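Enquirer: Please see the structure below; I have some questions.
The values are calculated or read from the model by the stated rules, or taken from the named source; none is laboratory data. Everything numeric in this text was worked out from a predicted model, so none of it was measured. Cβ sites come from the backbone with ideal geometry, for glycine too, and all protein chains shown count toward neighbours. The area values use the complete protein model at the heavy-atom level, side chains included, leaving out ligands, DNA and RNA. Shrake-Rupley method; radii C 1.70, N 1.55, O 1.52, S 1.80 Å.
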Amino acid sequence: MKTLNQLEVWLVTGSQHLYGQKTLDQVASHSKEIAAAFDASSDIPVKVVCKPTGTGSAEIHKICREANGAENCIGLITWMHTFSPAKMWIHGLQELRKPILHLHTQYNKEIPWKEIDMDFMNLNQSAHGDREFGHIMARMRMDRKVVVGHWQDPKVVSKVAGWSRVAAAWADSQDMLIIRFGDQMNNVAVTDGDKVEAERVFGYHVDYSPIADLVKVQDNVSDEDVAELVKIYESEYDLADNCKEGGEARNQVVHAARIEIGLRRYLEKKGAKAFTTNFDDLEGVDQLPGLASQRLMADGYGFGAEGDWKTAALCRQMWFMSQGMSDYKGCSFLEDYTLNFDGEKSSILQAHMLEVCPLIADHKPKLEVHPLGIGGKNDPARLVFTSKTGSGVAATVIDMGSRFRMIINTVDCIDSQELPKLPVASALWIPQPNFEVGAAAWILAGGTHHTSFSYDLTVEDLQDFAEMAGIEAVVIDKGTKIPEFKKELQWNDLYYHLAKGL
Ligand code: MN
């Protein structure tokens, strides 16, 4: 698997030959300096590479074709330092298949009022050059992100950083394999969808694996390897008394370790980045792989329960874009579990049977074994914790039959109460703008009960991702009002039908 620092964003500066070689040399030197500054920034997790200045149609076409073919290139930052007549960009842009961030900046921060002359103006023309470039992309109906500001401004660097993370996750999605053990949970609609269309739109591929294939790998795991992993559990978590050596549930912990190693080896062998399970399809497995799913999620494997491959993909994508962020708080698969009506503090308990990622834990998780009451297997091991408090984004992708829709909701995780008789990992959140409007909007938009959640990402990150995929995205946040939101859903139906033929 590629890591973020192996990936590259290319800075492609536009110009033309009108101004002479001296000006072009200055353009190239400024571009190098800007690319180097971005590359050196600790905010931007990928390499930023300066490409030769684009001064003609053939040259620009060549750069775009190279970008398509370069495995490590995840997108282009374009900037029109001088005026670059945009007909020169048509052929290149027609072929380009990588995301674009159009940076509207200028080398000088301020106008040198006393010294400015025609030479200076000829060199620093992005004020109109970037408008010419914007026109051709608008005319070609190409999605792109536009960032405006001085290149040394931390806000601009932060926008470039966010977009780079999203573009990296987009690249990661293109060769993603998702393994499904079993099918969807019978009769469930919202977690299902068109896997062929998903591959066309998102790039990822979904394959079925018989649980028997996993069982074979699991059964070949040596007792020594299992014992080694149980030792890791002992060092990372607080074990319930009955899970400790000699305890009556110890055997279930040992089984859970065997399942985890088997699952990890199987996914590695397949080159998979995400997986789904189904509690109804566990023949030959001792227990629902709860602990294994929790720990694999923390290592970046996307997860969806009950065959939910769309959420498995989104969990991986959100993990990938947020990895290594400063003040990282984590991400997880979650499910709307139970409602708590409490006036303005009404909230939704987020949990699952077992599978919540420990990256969002507020404290050292406890490893416990309890009966599940569903699925008819042995009592499963699981990590029990409550989540951190604070705001985050919950998102889902649904199949509307003719297109995919991403639904993004900002939420506030609040302090939960003790759950002495519900030993699962959980979060408690109030959807924005409040429980009543947030939940109503989510339901009107057709959102899943499963979500992918992150404390670290923003609405803008997910909107950028949806735009790279060319799918619809609706946002439920502090500004949402139901009548307006309903109209947006109706207008979107019309837009996708008229503009995209969907
Ligand atoms: Mn579920």
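Enquirer: Just checking, how many residues over the range 154-183 are among the charged types (D, E, K, R), modelled with pLDDT of 95 or more and surrounded by fewer than 19 Cβ atoms within 10 Å (Cβ to Cβ)?
Expert: 2
Enquirer: With the requirement that a residue be among the acidic types (Asp, Glu) and either under 17 Å from TYR107 (Cα atoms) or open to solvent by 70 Å² or more (accessible area, probe 1.4 Å) (or both), what does the range 1-40 give you?
Expert: Residues satisfying the conditions are ASP25, GLU33, ASP39.
Enquirer: Taking the criterion of being in contact with an Asp or Glu (Cβ under 7 Å, 6 or more places away or on another chain), open to solvent by less than 10 Å² (accessible area, probe 1.4 Å) and in contact (Cβ under 8 Å) with a residue 60 or more places away in the chain, would at least one residue in the range 382-394 satisfy it?
Expert: Yes, the range 382-394 contains a residue that is in contact with an Asp or Glu (Cβ under 7 Å, 6 or more places away or on another chain), open to solvent by less than 10 Å² (accessible area, probe 1.4 Å) and in contact (Cβ under 8 Å) with a residue 60 or more places away in the chain.
Enquirer: For the range 349-381, give me each residue that is within 14 Å of the ligand (Cβ to nearest atom) and either of a type in the set (S, T, N, Q) or open to solvent by 10 Å² or more (accessible area, probe 1.4 Å) (or both).
Expert: Of everything in the range 349-381, those that are within 14 Å of the ligand (Cβ to nearest atom) and either of a type in the set (S, T, N, Q) or open to solvent by 10 Å² or more (accessible area, probe 1.4 Å) (or both) turn out to be LEU349, GLN350, MET353, LEU372, ILE374, GLY375.
Enquirer: Something else: Working only within the range 231-260, note down all residues that are surrounded by 20 or more Cβ atoms within 10 Å (Cβ to Cβ), assigned to a helix (DSSP H, G or I) and not basic (Lys, Arg).
Expert: TYR233, CYS243, GLN252, VAL253, HIS255, ALA256, ALA257, ILE259, GLU260
Enquirer: Shifting gears a bit: So is GLU199 assigned by TED's automatic domain parsing to the domain that holds TRP442 and either in contact (Cβ under 8 Å) with a residue 12 or more places away in the chain or more than 18 Å from LEU314 (Cβ to Cβ) (or both) or not?
Expert: Criteria not met by GLU199.
Enquirer: Moving to a separate point now. Can you name every residue in the range 292-307 that is hydroxyl-bearing (Ser, Thr, Tyr) and either within 16 Å of the ligand (Cβ to nearest atom) or more than 18 Å from PRO365 (Cβ to Cβ) (or both)?
Expert: Scanning the range 292-307 gives a single hit, SER293.
Enquirer: Answer with yes or no whether ALA441 is open to solvent by less than 10 Å² (accessible area, probe 1.4 Å), part of a helix (DSSP H, G or I), in contact with a helix residue (DSSP H, G or I) (Cβ under 7 Å, 6 or more places away or on another chain) and in the same structural domain as LEU314 (by TED's automatic domain parsing).
Expert: Answer is yes for this residue.
Enquirer: Could you grab me the full set of residues in the range 464-489 that are open to solvent by 90 Å² or more (accessible area, probe 1.4 Å) and either free of Cβ contacts under 8 Å to residues at least 40 places away in the same chain or within 18 Å of PHE404 (Cβ to Cβ) (or both)?
Expert: Across the range 464-489, the qualifying residue is only GLU484.
Enquirer: Any residue at all in the range 95-111 that is open to solvent by less than 10 Å² (accessible area, probe 1.4 Å) and over 27 Å from the mean Cα position of the chain (by Cα)?
Expert: Scanning the range 95-111, I find at least one residue that is open to solvent by less than 10 Å² (accessible area, probe 1.4 Å) and over 27 Å from the mean Cα position of the chain (by Cα), so the answer is yes.
Enquirer: Among the residues of the range 429-436, are any in contact (Cβ under 8 Å) with a residue 12 or more places away in the chain, over 11 Å from ALA394 (Cβ atoms), assigned to a helix (DSSP H, G or I) and more than 16 Å from the ligand (Cβ to nearest atom)?
Expert: There is at least one residue in the range 429-436 that is in contact (Cβ under 8 Å) with a residue 12 or more places away in the chain, over 11 Å from ALA394 (Cβ atoms), assigned to a helix (DSSP H, G or I) and more than 16 Å from the ligand (Cβ to nearest atom).
Enquirer: Could I ask something else about it? Only one of ALA249, ALA240, ALA298 is among the small types (Gly, Ala, Ser) and touching a Lys or Arg at 6+ places or on another chain (Cβ under 9 Å); which?
Expert: ALA240
Enquirer: May I ask you to list the residues in the range 206-219 that are open to solvent by 40 Å² or more (accessible area, probe 1.4 Å) and over 18 Å from ASP286 (Cβ atoms)?
Expert: Within the range 206-219, ASP207, TYR208 qualify.
Enquirer: With respect to the numbered conditions (1) small (Gly, Ala, Ser); (2) closer than 24 Å to GLN463 by Cα; (3) out of contact with any strand residue (DSSP E or B) (no Cβ under 9 Å at 6 or more places or on another chain), which one is the sole condition not fulfilled by GLY375?
Expert: Failing condition for GLY375: (2).
Enquirer: What is the one condition in (1) polar (S, T, N, Q); (2) out of contact with any helix residue (DSSP H, G or I) (no Cβ under 6 Å at 6 or more places or on another chain); (3) outside any helix (DSSP H, G or I); (4) crowded, with 17+ Cβ neighbours inside 10 Å that ASN492 does not satisfy?
Expert: Only one criterion in (1) polar (S, T, N, Q); (2) out of contact with any helix residue (DSSP H, G or I) (no Cβ under 6 Å at 6 or more places or on another chain); (3) outside any helix (DSSP H, G or I); (4) crowded, with 17+ Cβ neighbours inside 10 Å is unmet by ASN492, namely (3).
Enquirer: Tally time: how many residues in the range 186-205 are within 19 Å of the chain's Cα centre (by Cα), open to solvent by 70 Å² or more (accessible area, probe 1.4 Å) and within 16 Å of the ligand (Cβ to nearest atom)?
Expert: 0
Enquirer: Can you work out which of the residues in the range 34-72 that are acidic (Asp, Glu) and part of a loop (DSSP other than H, G, I, E, B) is farthest from the chain's Cα centre (by Cα)?
Expert: Residue satisfying both the conditions and the ranking: GLU71.
Enquirer: Among what's in the range 332-348 and is more than 16 Å from the ligand (Cβ to nearest atom) and open to solvent by less than 10 Å² (accessible area, probe 1.4 Å), pick the residue that is nearest to GLU460 (Cα to Cα).
Expert: The extreme case among them is SER347.
Enquirer: Still on this model: Restricting to the range 388-415, and then to whatever is among the hydroxyl-bearing types (Ser, Thr, Tyr) and outside any strand (DSSP E or B), can you tell me which residue is modelled with the lowest pLDDT?
Expert: The extreme case among them is SER402.
Enquirer: Any residue in the range 308-323 that is of a type in the set (Phe, Trp, Tyr), within 14 Å of the ligand (Cβ to nearest atom), surrounded by 19 or more Cβ atoms within 10 Å (Cβ to Cβ) and outside any strand (DSSP E or B)?
Expert: Yes, because at least one residue in the range 308-323 is of a type in the set (Phe, Trp, Tyr), within 14 Å of the ligand (Cβ to nearest atom), surrounded by 19 or more Cβ atoms within 10 Å (Cβ to Cβ) and outside any strand (DSSP E or B).
Enquirer: Give just the number: which of (1) outside any strand (DSSP E or B); (2) at pLDDT 95 or above; (3) within 20 Å of GLY302 (Cβ to Cβ) does GLN350 not satisfy?
Expert: Condition not satisfied by GLN350: (1).
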